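Student: Got a structure here, written out as structure tokens. Questions coming.
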Amino acid sequence: MINNITVLGSGVMGHGIAQNYALAGYAVHLYDLKSSYLEKAMKLIDGNLSLMVKEKIIVPADKEKALERIITTTDLQIAVKDSDFITEAVPEVIEIKHSLYKQLETIIRQDTIIASNTSTFPISQLTKDIKDPERFIVTHFFNPAQLVPLVEIVKGRDTSNQVVETTLNLMKDIGKSPVVLNKDIPGFIANRLQAALVREAFHLMEMGIASPEDIDLAITDGPGVRWAFSGPLETADFGGLDIWKSVVENLAPELSKADKVPDLINEKVKNGGLGAKTGEGIYKYSNEIIEGKLVQRDERLVKLNKIKHGDI
Ligand SMILES: NC(=O)c1ccc[n+]([C@@H]2O[C@H](COP(=O)([O-])OP(=O)(O)OC[C@H]3O[C@@H](n4cnc5c(N)ncnc54)[C@H](O)[C@@H]3O)[C@@H](O)[C@H]2O)c1
């Protein structure tokens, strides 16, 4: 039975994941290396919950209770000693993850489940030196973790069925839409599908087929509108598999099969054009534009979730 949950790392993903657990009624310890990181995380959670109050998804008392359920700490022992379930959301650096797991082994209970939020590492690599790999699993949340429903659950070769079942039930209990992968493959499901699309988007841009704005619009006002409700396989069924047979036959030879990053992107990265975080990537951004887009993203995702739940 899960009562106490720990989230290790309070960054981009960790703070939103902690919020999910607290709002669902779990007692949460949120751990990071510095108090200032934890203060920033709690401010973000406060703002996220205020948006949910504003949109009437929760009442102000729910917000206060959720905030009270989160204890922040920079002491790993305090964070994990009573934990039933740990979500690890520290940086995607294998040495950092391995060293943290080594420390955990000496202080956590025998039955504590460890779930990594890794985006790229196969479980076999994460658990290489772990004594009890049967308690180890991946729960891959999506950014912003407090608003995107999907969680990909990946079991390792040694993960016990009990751990898979407990994790699946926990994700459902916090209102997420979990999917379980039968095999541990790089990129899981959603990032593979995204990467296939982004590869083609870069390819179209490189060939000068349309402006970046129009390539983006072709998705946001095209298939993207539908995808929140009908996945690619169901879309194929409704279009007709005979039609999709022809689409794939005719188009597959035309699509990018690149197995390396296009020069255009390499060049931008080399020159420091990393996107929003440096103010310029494919597009240019001021700080105000970035801030405005993030606020708008969250507000719209809250509304989209209401539609998906049939609330409006
Ligand atoms: N950012 C995304 O969109 C995204 C999406 C899905 C999954 N992920 C995965 O989630 C994990 C976390 O990513 P993020 O984007 O939140 O990173 P982040 O850098 O924003 O946050 C990581 C946090 O972990 C803390 N940290 C560093 N070392 C630590 C340690 N030894 N113990 C505890 N905390 C430590 C850092 O201080 C930081 O606050 C990564 O595995 C990443 O691949 C990220």
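Student: Given R₀ = 22 Å, FRET efficiency for Leu204-Val247 by Cβ-Cβ distance, to 0.05?
Tutor: Once rounded, the FRET efficiency stands at 0.85.
Student: Suppose a student asked you for the relative contact order of the chain, using Cα pairs under 8 Å spaced at least 6 residues apart; what percent would you report?
Tutor: Across the chain, relative contact order equals 13 percent.
Student: Quick one: angle between helix 60-69 and the longest Cα principal axis of the chain, in degrees between 0 and 90, rounded to 10, please.
Tutor: That helix lies at roughly 60 degrees to the long axis.
Student: Label-point separation (nm) for Arg192 and Gln110, each offset 7 Å from Cα along Cα-to-Cβ?
Tutor: So the label points at Arg192 and Gln110 sit 3.7 nm apart.
Student: Any idea how far apart Val59 and Val180 come out in nm if each label point goes 7 Å out from Cα toward Cβ?
Tutor: Label at Val59, label at Val180, 3.7 nm between them.
Student: Between Leu30 and residues 5 or more places away or on another chain, which pairs have amide H atoms under 5 Å apart, with H built 1.01 Å from N, and which residues are they?
Tutor: So Leu30 has HN proximity to Val7, Ile71, Thr72, Thr73.
Student: On a straight-distance basis, which lysines could pair with Lys65 in a cross-link, Cα separation under 21 angstrom, same-chain partners fewer than 8 positions away excluded?
Tutor: Lys40, Lys43, Lys54, Lys56, Lys172, Lys176
Student: Over all directions, what mean area does the Cα convex hull of the stretch 70-171 project, stated in square nanometres? Could you put the intermediate results ahead of the total?
Tutor: Working: hull surface 25.9 nm².
Mean orientational projected area (the stretch 70-171, Cα hull): 6.5 nm².
Student: Now, a different point. Using only Cα atoms and rounding to the nearest 10 degrees, what angle (0 to 90) does helix 190-206 make with the longest principal axis of the chain?
Tutor: With both axes taken from Cα atoms, the answer is about 40 degrees.
Student: Grab the eigenvalues of the alpha-carbon gyration tensor for the stretch 110-151, scale each by 5, take roots, and send me the semi-axes largest first in whole angstrom.
Tutor: 23, 12, 6
Student: Sticking with this one: Using Cα springs under 10 Å in a Gaussian network model of the chain, which residue among Tyr283, Tyr26, Tyr101 shows the largest mean-square fluctuation?
Tutor: Among Tyr283, Tyr26, Tyr101, the largest GNM mean-square fluctuation belongs to Tyr283.
Student: Hey, another quick one. Taking the Cα of Met1, stepping 7 Å toward and past its beta carbon, and measuring to each backbone N in the stretch 78-95: which are under 15 Å?
Tutor: 84-85
Student: Grab every C-alpha pair in the chain, bin the distances at 20 angstrom width from 0 up to the longest one, and report whole percents.
Tutor: Calculated over all Cα pairs of the chain, the distribution is 28, 57, 15 percent.
Student: Rounded to the nearest 10 degrees, what's the angle between the helix 241-251 long axis and the longest principal axis of the chain, both from Cα atoms, 0 to 90?
Tutor: Relative to the chain, helix 241-251 is tipped by roughly 70 degrees.
Student: Divide the volume of the convex hull of the Cα atoms of the stretch 160-312 by its number of residues and quote the answer in cubic angstrom per residue.
Tutor: With only Cα atoms used, the stretch 160-312 gives 187 Å³ per residue.
Student: Assign one of three labels to the stretch 4-181, namely rounded, prolate or oblate, based on the Cα gyration tensor with a ≥ b ≥ c the square roots of its eigenvalues; rounded applies when a/c is under 1.5, prolate when it is not and a/b is larger than b/c, and oblate otherwise. Mind dumping the intermediate values first?
Tutor: On the way: a/c = 1.81, a/b = 1.42, b/c = 1.27.
Note, shape of the stretch 4-181 comes out prolate.
Each reported figure results from applying straightforward, stated rules to the coordinates on display, with no laboratory input. These numbers come from a predicted model, not from an experiment. Reconstructed Cβ throughout: ideal geometry from the backbone, glycine too, with neighbour counts over all protein chains shown.
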